[in-house]
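Beneath this line is the structure, given in structure tokens, with notes to follow.
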């Protein structure tokens, strides 16, 4: 019987980690690829490896590799890669958050994933899915998280490759947000018999963690994550620079002030 196979981008953040849980719960053989592109929050790769170790201890073994793209991408103009640009703080939908966009990042990542998926499909005579944890909550700031972008990208890849009929994109969160992603992860992790808090303590969403790997709680990505955990009635298990009650208060205040200013 033909197995279900997925090639996915695994950053070590909460979205891709939730996606990995979903794929495993759905019975996929997973090939996970992580990228070092010169990001300031490189600790995310350490967190990814921590979760892979936890999964292995519980009988889930993932094909994983880290691809070094620093020579190609570390000079890109972005607050995530350029030391001269500070990571902006505030609400994740504010205009200054565009400084965290890395030019063409998802196109580069998806292209590499597609090449791997096509190689597996040709070698093993199997269908392969390219899985990404992109979601609609990012659309306002990140144009490379929009459905039309991936529709166009898949069309271009189909034109540019033989046997592309064996590859499809899998974007289960494209119409969701951080809250729906966490709720989906709760179901997957329960099905796998794993510990939700351990899984998500081995992730990071902050773009400006401190030298000890603690999340700031103030970057736009932090605020979005904190609000999502609050929405599902959980405390975020990762370590923040300040106590949970403090970072939650700041996130709620930031969200309220943004909405008041835009109504």
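The values are calculated or read from the model by the stated rules, or taken from the named source; none is laboratory data. Quick caveat: nothing in here was measured; it's all calculated off a predicted structure. No Cβ is skipped: glycine too gets one built from the backbone with ideal geometry, and neighbour counts run over all protein chains shown.
Exactly one residue among 238, 181, 204 is within 19 Å of residue 6 (Cβ to Cβ) and either assigned to a helix (DSSP H, G or I) or in contact with a strand residue (DSSP E or B) (Cβ under 9 Å, 6 or more places away or on another chain) (or both), and that residue is 181. Just one of the listed residues (255, 222) is closer than 22 Å to residue 34 by Cα, in a helix (DSSP H, G or I) and at pLDDT below 95, and it is 222. Considering 249, 240, the condition of being out of contact with any helix residue (DSSP H, G or I) (no Cβ under 6 Å at 6 or more places or on another chain), more than 22 Å from residue 20 (Cα to Cα), surrounded by 13 or more Cβ atoms within 10 Å (Cβ to Cβ) and without any contact (Cβ under 8 Å) to a residue 40 or more places away in the chain is satisfied by 249 alone. Is it true that some residue in the range 121-143 is out of contact with any helix residue (DSSP H, G or I) (no Cβ under 9 Å at 6 or more places or on another chain), closer than 22 Å to residue 39 by Cβ and either modelled with pLDDT of 90 or more or crowded, with 17+ Cβ neighbours inside 10 Å (or both)? No, every residue in the range 121-143 fails to be out of contact with any helix residue (DSSP H, G or I) (no Cβ under 9 Å at 6 or more places or on another chain), closer than 22 Å to residue 39 by Cβ and either modelled with pLDDT of 90 or more or crowded, with 17+ Cβ neighbours inside 10 Å (or both).
State whether the residues of the range 44-55 include one that is in contact with a strand residue (DSSP E or B) (Cβ under 7 Å, 6 or more places away or on another chain), surrounded by 14 or more Cβ atoms within 10 Å (Cβ to Cβ) and part of a loop (DSSP other than H, G, I, E, B). No, the range 44-55 has no match at all. In the range 88-126, what count of residues is obtained for those that are closer than 30 Å to residue 161 by Cβ and in a helix (DSSP H, G or I)? Within the range 88-126, residues that are closer than 30 Å to residue 161 by Cβ and in a helix (DSSP H, G or I) number 20. Selection within the range 99-115: residues that are buried (at least 19 other Cβ atoms within 10 Å of the Cβ) and within 15 Å of residue 154 (Cα to Cα). The member of this set that is modelled with the lowest pLDDT is 106. Would the range 60-81 turn up any residue that is crowded, with 17+ Cβ neighbours inside 10 Å, at pLDDT below 90 and within 15 Å of the chain's Cα centre (by Cα)? Yes, the conditions are met somewhere in the range 60-81. Just to be sure, is residue 84 without any contact (Cβ under 8 Å) to a residue 12 or more places away in the chain, surrounded by fewer than 18 Cβ atoms within 10 Å (Cβ to Cβ) and part of a helix (DSSP H, G or I)? So residue 84 does not fit the description; no. Selection within the range 144-167: residues that are in a helix (DSSP H, G or I) and in contact with a strand residue (DSSP E or B) (Cβ under 6 Å, 6 or more places away or on another chain). The member of this set that is surrounded by the most Cβ atoms within 10 Å (Cβ to Cβ) is 150.
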